[in-house]
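The values are calculated or read from the model by the stated rules, or taken from the named source; none is laboratory data. No experiment lies behind these values; they were computed from the predicted model shown. Cβ atoms come from the backbone with ideal geometry, glycine included; neighbour counts cover every protein chain shown. Remember, those area values only see protein heavy atoms, side chains included, never the ligands or the DNA or RNA. Shrake-Rupley method; radii C 1.70, N 1.55, O 1.52, S 1.80 Å.
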Amino acid sequence: QVQFVESGGGSAQAGGSLRLSCAGSGRTFSTYNMGWFRQAPGKEREFVAAISWGDSSTVYADSVKGRFTISRDNAKNTMYLQMNSLKPEDTAVYYCNRNTNSDLRRPLYTYWGQGTQVTVSS
């Protein structure tokens, strides 16, 4: 079973930056569409950003567009999320998952890793 491990979270001031990493197991990571999701306290998990496996096309939630950048390094089986101009409302636990082929915004697996906490203070 494919597993993903998120890292890179922490605390930042509003306007600051953080870079998250998602390391995947398995030899076929390069063929996966991948995505980032987040869950704030008391809220449902929501889509943040996704990147396709073929041409690395990307899609973002409106709330992060222009501030976050998703990328991947298939040689390292790793996906990244560069988060700039952070806002307090970005505070959440961030998760990664393999995404579906039919909808780049939808997670494929129903199981999730432990995630990485991001806390942004004003």
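Return the Rg/Rh ratio of region 78-122 with Cα-based radii and a Kirkwood Rh. Can you show the working numbers first?
Numbers: Rg = 12.7 Å, Rh = 12.3 Å.
Taking Rh as the inverse mean 1/r over Cα pairs, Rg/Rh reads 1.03.
To the nearest 10 square angstrom, what accessible area does Arg19 show with a 1.4 Å probe?
Ignoring ligands and nucleic acids, Arg19 comes out at about 130 Å².
When the accessible area of the chain is computed with all protein chains present and a 1.4 Å probe, what percentage of it is carbon and sulfur?
45
Using only the Cα atoms of region 19-58, build the gyration tensor, take square roots of its eigenvalues as a ≥ b ≥ c, and label the shape rounded, prolate or oblate: rounded if a/c is under 1.5, else prolate if a/b is larger than b/c, else oblate. Show your work: numbers first, answer last.
On the way: a/c = 2.72, a/b = 1.85, b/c = 1.47.
Cα axes put region 19-58 in the prolate bin.
Between Arg45 and Tyr111, what length comes free when the chain is fully extended (0.36 nm per residue of separation minus the Cα-Cα distance, one decimal in nm)?
This chain segment gains 22.5 nm when fully extended.
Run the simple label-point estimate for Gln82 and Arg19 please: 7 Å along Cα→C-beta, distance reported in nm.
For the pair Gln82/Arg19, the computed spacing is 0.8 nm.
Send over a whole-number figure in Å² for the accessible area per residue of region 12-122, probe 1.4 Å. Spell out each step's value before the answer.
Values: 5690 Å² over 111 residues.
Here the residues of region 12-122 average 51 Å² of exposed surface.
Work out, in µm²/s and without decimals, the Stokes-Einstein translational diffusion coefficient of the chain at 37 °C, 0.692 mPa s, Rh from Kirkwood over C-alpha pairs.
It comes out at roughly 231 µm²/s.
With the crude spin-label approximation of a point 7 Å out along Cα→Cβ, what separation in nm comes out for Ser63 versus Ser102?
Those two pseudo-labels are separated by 2.6 nm.
Hey, which lysines would be in cross-link range of Lys87, C-alpha to C-alpha under 16 Å, not counting anything within fewer than 8 residues on its own chain?
In chain and number order, the partners are Lys65.
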